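To start, the structure under review is shown below, and the notes come after it.
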Amino acid sequence: MRIGITCYPTYGGSGVVATELGMELAARGHDIHFISYAPPIRMDLASARIHFHEVEVVSYPLFDHPPYTLALATKMLEVFEAESLDLLHVHYAIPHSVSALLARSMAAPRRLPFITTLHGTDITLVGSNRSYLPITRFSIEQSDGVTAISQYLRQKTLQEFDIKRPIEVIPNFVNCDLYHRSTDAALRAEWAPAGEPILMHLSNFRPVKRVSDVVEIFAKVREKMPAKLVLIGDGPDRGAAEFLVRKKRLQKDVLFLGKLDRIYEKLGLADLFLLPSQLESFGLAALEAMACEVPVIASDVGGLPEVIEHGVDGYLIDPGDVEDAARHALDILSRADRGREMGQTARIHARKKYCANDVIPRYEHYYQQVLAQSPAPRP
Ligand code: GMT
């Protein structure tokens, strides 16, 4: 198939899922055309089947806000015509599914079906805001296919938007061959020279991630035992987290690595992963850690209970309950095996339900289903 994929190219789960999906599909013989204002993070142009089409947003003194949605719709149509796309797959409803809807209308009577994948904040935070709700609902209803990344998000969308159409759940996935335990002893020694356990967090440091809680949890662990904290990513709350680290005099034990590629090389060195978010529709970073045999302590919210089994491959806490999180962290890290057995169970569970090899064919199947249902093009 020839598939146009649109996502936010910035540091965030939806962009990561869209990009990894495109690359997995290309490896399976599909032609993938990413359409966005910048190359998505993690995109690897090495494959001849992967192409990138930049959306140019022309500014004009009259525009306080250049109309990206329109420029994107125009580029979608242009790529459809030049590359004979079979379908568009947009990730994150706002504004991508509105652009796709416009592109489909402009392409008529030729057939350009589009699928919208909902990722979370497009429903729970932004989409439910009254400035966007009616148009988000409309573009979801008008999509030829809609998928959500967890049962939680499907339910939430049906309820919040009072939507009657079917929504297919296709969960986030992880490449189980790439994400595994690391044996990089040199890097481990660099981070934890005395063999201290390593706690890790990876996110875009937005308020919803509660990064300050990560530092608070670590501080409580550090009161009881030597340990190191590695923070990967960047975003609006990094400054506050750095301030808290200095306030608690933990600079020697906390590393801020910033935005990184090849996350799998780092995750596989952790002993424990922390994701104490306020809300998480799935929690892709938690899944990636689990595939690397790292037990996770995360909030008991959104789609996280679908990913983590409390007491089996990690622990679930109430958002903000740093005491409880620290108690579980100390429990795991003070075990003789430092949580290795729990980590191995985490990988088994990740492999069983969320391996790319199993999830990607579900997208392919869904594409076929949507193509079969959408009206055939008129000559
Ligand atoms: O969490 C973010 O701020 C990024 C956001 C996104 O859309 O880029 O992530 C959402 O999509 C991810 C991939 O499907 C999910 O794993 C995250 O749980 C979800 N974030 C939230 O629901 C807060």
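Data for the structure
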read-out: Residue within region 219-227 that is assigned to a loop (DSSP other than H, G, I, E, B) and within 16 Å of the ligand (Cβ to nearest atom) present; value: no
read-out: Subset of region 317-331 (residues that are among the aliphatic types (A, V, I, L, M) and more than 26 Å from the chain's Cα centre (by Cα)); value: L330
read-out: Extreme residue, farthest from the ligand (Cβ to nearest atom), among residues of region 123-143 that are open to solvent by 30 Å² or more (accessible area, probe 1.4 Å) and among the small types (G, A, S); value: S131
read-out: Some residue of region 103-122 being within 16 Å of the ligand (Cβ to nearest atom), among the acidic types (D, E) and touching a helix residue (DSSP H, G or I) at 6+ places or on another chain (Cβ under 9 Å); value: yes
read-out: Residues (touching a residue at least 12 places away in the same chain (Cβ under 8 Å) and either of a type in the set (S, T, N, Q) or touching a Ser or Thr at 6+ places or on another chain (Cβ under 7 Å) (or both)) located in region 245-274; value: E265, G268, L269
read-out: Test result for A270, buried (at least 20 other Cβ atoms within 10 Å of the Cβ) and within 16 Å of the ligand (Cβ to nearest atom); value: no
read-out: Complete set of residues in region 39-79 that are at pLDDT 95 or above, open to solvent by less than 50 Å² (accessible area, probe 1.4 Å) and either touching a helix residue (DSSP H, G or I) at 6+ places or on another chain (Cβ under 6 Å) or charged (D, E, K, R) (or both); value: I50, H53, V55, T69, L72, A73, K75, M76, L77
read-out: Residues satisfying the stated conditions in region 73-97, i.e. of a type in the set (F, W, Y) and either away from the ligand (no atom under 16 Å from the Cβ) or on the phi < 0 side of the Ramachandran plot (or both); value: F80
read-out: Any hit, region 184-192, residues being open to solvent by 50 Å² or more (accessible area, probe 1.4 Å), away from the ligand (no atom under 16 Å from the Cβ), over 30 Å from P361 (Cβ atoms) and among the basic types (K, R); value: yes
read-out: Among (1) open to solvent by 80 Å² or more (accessible area, probe 1.4 Å); (2) closer than 27 Å to I115 by Cβ; (3) in the same structural domain as R222 (by TED's automatic domain parsing) - the single one R362 does not satisfy; value: (3)
read-out: Qualifying residue in region 205-218 (condition: within 16 Å of the ligand (Cβ to nearest atom), open to solvent by 20 Å² or more (accessible area, probe 1.4 Å), of a type in the set (A, V, I, L, M) and not assigned by TED's automatic domain parsing to the domain that holds V17); value: yes
read-out: Out of A285, A298, sole residue that is modelled with pLDDT of 95 or more and open to solvent by 10 Å² or more (accessible area, probe 1.4 Å); value: A285
read-out: Matching residues in region 67-92 - criterion: being in contact with a Gly (Cβ under 8 Å, 6 or more places away or on another chain) and under 18 Å from V370 (Cα atoms); value: F80, L85, L87, L88, H89, H91
read-out: Residues of region 24-38 that turn out to be within 16 Å of the ligand (Cβ to nearest atom) and buried (at least 22 other Cβ atoms within 10 Å of the Cβ), as a count; value: 2
read-out: Cβ-Cβ under 7 Å pairs, at least 6 apart or on other chains, region 4-22 side more than 18 Å from L202 (Cβ to Cβ) and touching a residue at least 12 places away in the same chain (Cβ under 8 Å), far side near the ligand (Cβ under 6 Å from one of its atoms) and open to solvent by 10 Å² or more (accessible area, probe 1.4 Å); value: C7/S14; C7/Y92
read-out: Selection from region 248-267 of residues that are farther than 21 Å from D321 by Cβ, among the basic types (K, R) and surrounded by fewer than 20 Cβ atoms within 10 Å (Cβ to Cβ); value: R249, K252, K259, R262
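The values are calculated or read from the model by the stated rules, or taken from the named source; none is laboratory data. Here the structure is a predicted model, which is why all the values come from computation and not from measurement. With ideal geometry, Cβ positions are generated from the backbone for all residues, glycine too; neighbour counts draw on all protein chains shown. The accessibility values were calculated without ligands, DNA or RNA, using every heavy atom of the protein model including side chains. Shrake-Rupley method; radii C 1.70, N 1.55, O 1.52, S 1.80 Å.
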